[in-house]
Every structure is written in C-alpha cells, then in structure tokens.
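This report refers to the structure that appears directly beneath it.
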Amino acid sequence: MRNFFFLFLGLFGAQAQTSSWSVELSYPALVDQNFVGANFNGIVEAGTKYQFWENLSFKIGISLHTGLFKDKEGIQDPTTDFDLLIWTLQPRIYGVLFLPTLPQFHPIIGIGYSAVTFFTNGNVMTFFPQGNETRYGLNAAAGFSLDVSKQWYFHASYDFIKLSNSGNFTTPYLQNINLVKLGVGYRI
C-alpha cells in the first residue's frame with residue numbers, strides 16, 4: 001500500500017509538470033495615437049491558455065484573454081461630462097515555437113477574434129460609441145515567453161485589433177487598436 005501511495009504521488013507530480021493549462025496576468029499598454037490609444041489607459045488583462053497539440057519543436061493551443069481600460073482624465077472638457085470604460089474579450093488560436101539553442105525562450109504567434117465593449121456614462125463626444133456598444137474584429141498577436149522555472153514565465157506581446165467598419169467606426173483612426181502586453185504566467 002505504501003509503494004502504491006508513492007507511485008500515485010510520482011504520477012501526479014509528473015502530470016502537474018506537463019499540464020497543458022496556464023494562466024496569465026498582464027498590463028496592457030496602448031501604443032498608438034488613434035481614439036483608443038490617445039484617450040485610454042490600460043488597467044489589467046487576465047487570461048487562460050490550453051495547449052492541445054505538440055511535437056518536439058512546436059505547440060498549438062487556444063486562449064481566452066480579457067482586458068480592462070479606463071479613459072484618461074485629460075479627454076474631458078467643460079462642454080462634456082462622461083466616463084468611459086473599455087472591456088475586451090479575445091479568444092485566439094496560437095502557436096509556440098521551441099528552440100533547442102534557447103530552451104527558455106519561446107516565440108509565440110496567434111490569430112483570433114475580439115469583442116470590444118465600450119461602456120459610457122454621461123454626455124459623450126460624437127466619435128465615441130453612444131451608450132454601451134460592442135464592436136467586433138480580427139486580432140493578431142506576436143510575442144514571446146521566457147521561462148523562469150517549470151511553472152513560472154514572463155511574457156510580452158504585440159496585439160493588433162481591427163474593428164469592423166460600421167456606425168461611427170469607418171476610418172483607421174476609429175478601427176485600429178495596438179497593444180503591447182507585459183506580464184507573468186503560471187503553468188497549472
């Protein structure tokens with residue numbers, strides 16, 4: 001019975017180290033001068049990843065991340081009085097490359113779809129969505145992760161979101177969102 005117990009602990013420990021799940025926490029920095037980058041600050045982004053296929057040099061998985069952004073204080077003028085929040089939801093398929101010469105460094109690419117919801121409160125400028133409005137669009141990402149241990153890693157990525165062309169969203173100034181994300185991850 002005692003040997004069975006140690007065998008069980010050994011198998012459980014091996015499974016925990018080869019888990020396909022991970023969670024991430026990031027700071028999303030807006031890096032453009034369009035209506036989002038000029039008027040909002042990133043607050044936080046959280047997400048989870050699941051790797052469902054792998055070979056010796058490449059893994060493929062799915063991820064789901066959500067982020068929160070708040071309007072900057074300087075966008076309000078005496079003729080308007082409003083508060084804005086942006087909430088993003090980004091499902092994505094991604095790939096991770098494993099380099100034999102750099103075993104802790106992993107380039108990552110991904111493509112997916114984004115839902116960007118604008119929550120407004122008060123009198124809003126005309127180019128911002130009126131009321132609570134969700135816009136959808138494609139997203140693409142490229143970045144890397146750097147292993148600190150078997151479970152912990154740092155990650156950085158560049159995300160581009162192209163919102164749909166509808167309503168007031170008819171120019172690149174109103175459609176393109178560029179993000180740089182820096183954070184930590186934990187393999188469960």
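Tell me which residues, restricted to the range 23-61, are small (Gly, Ala, Ser), out of contact with any Asp or Glu (no Cβ under 8 Å at 6 or more places or on another chain) and assigned to a strand (DSSP E or B).
Ala29, Gly42, Gly61
Tally the residues that are modelled with pLDDT under 95, open to solvent by 20 Å² or more (accessible area, probe 1.4 Å) and either hydroxyl-bearing (Ser, Thr, Tyr) or assigned to a strand (DSSP E or B) (or both), restricting the search to the range 137-173.
So the count comes out to 6.
Out of the residues in the range 20-36 that are under 19 Å from Asn176 (Cα atoms) and among the polar types (S, T, N, Q), state the one that is least open to solvent (accessible area, probe 1.4 Å).
The qualifying residue least open to solvent (accessible area, probe 1.4 Å) is Asn34.
When the residues of the range 39-74 are filtered to those that are hydrophobic (A, V, I, L, M, F, W, C), open to solvent by 20 Å² or more (accessible area, probe 1.4 Å) and under 18 Å from the mean Cα position of the chain (by Cα), which remaining residue is farthest from Gly95 (Cα to Cα)?
The first filter runs over the range 39-74 and keeps only residues hydrophobic (A, V, I, L, M, F, W, C), leaving 40, 43-44, 46, 52-53, 56, 58, 60, 62, 64, 68-69.
Filter once more, keeping what is open to solvent by 20 Å² or more (accessible area, probe 1.4 Å): 43-44, 46, 52-53, 56, 58, 60, 62, 64, 68.
Then keep just the ones that are under 18 Å from the mean Cα position of the chain (by Cα); that gives 43-44, 46, 60, 62, 64, 68.
Working: Ile43: 26, Val44: 23, Ala46: 19, Ile60: 4, Ile62: 9, Leu64: 14, Leu68: 25 Å.
Here the residue is Ile43.
Looking at the structure I just gave you, is Phe118 touching a Pro at 6+ places or on another chain (Cβ under 6 Å) and modelled with pLDDT under 95? So that I can check it myself, show each step before the final result.
Values: touching a Pro at 6+ places or on another chain (Cβ under 6 Å): yes; modelled with pLDDT under 95: yes.
So Phe118 fits the description; yes.
How many residues does the range 89-116 contain that are within 20 Å of Gly137 (Cα to Cα) and of a type in the set (Phe, Trp, Tyr)?
Number satisfying all stated conditions: 2.
What are the residues in the range 23-37 that are within 22 Å of Tyr153 (Cα to Cα) and either free of Cβ contacts under 8 Å to residues at least 12 places away in the same chain or of a type in the set (Asp, Glu) (or both), if any?
Glu24
The values are calculated or read from the model by the stated rules, or taken from the named source; none is laboratory data. Quick caveat, the model's predicted, so the values are computed rather than measured. Methodologically, a virtual Cβ is constructed for each residue, glycine included, from the backbone with ideal geometry; neighbour enumeration extends over all protein chains shown. Surface areas here come from the heavy atoms of the whole protein model, side chains and all, with no ligands, DNA or RNA. Shrake-Rupley method; radii C 1.70, N 1.55, O 1.52, S 1.80 Å.
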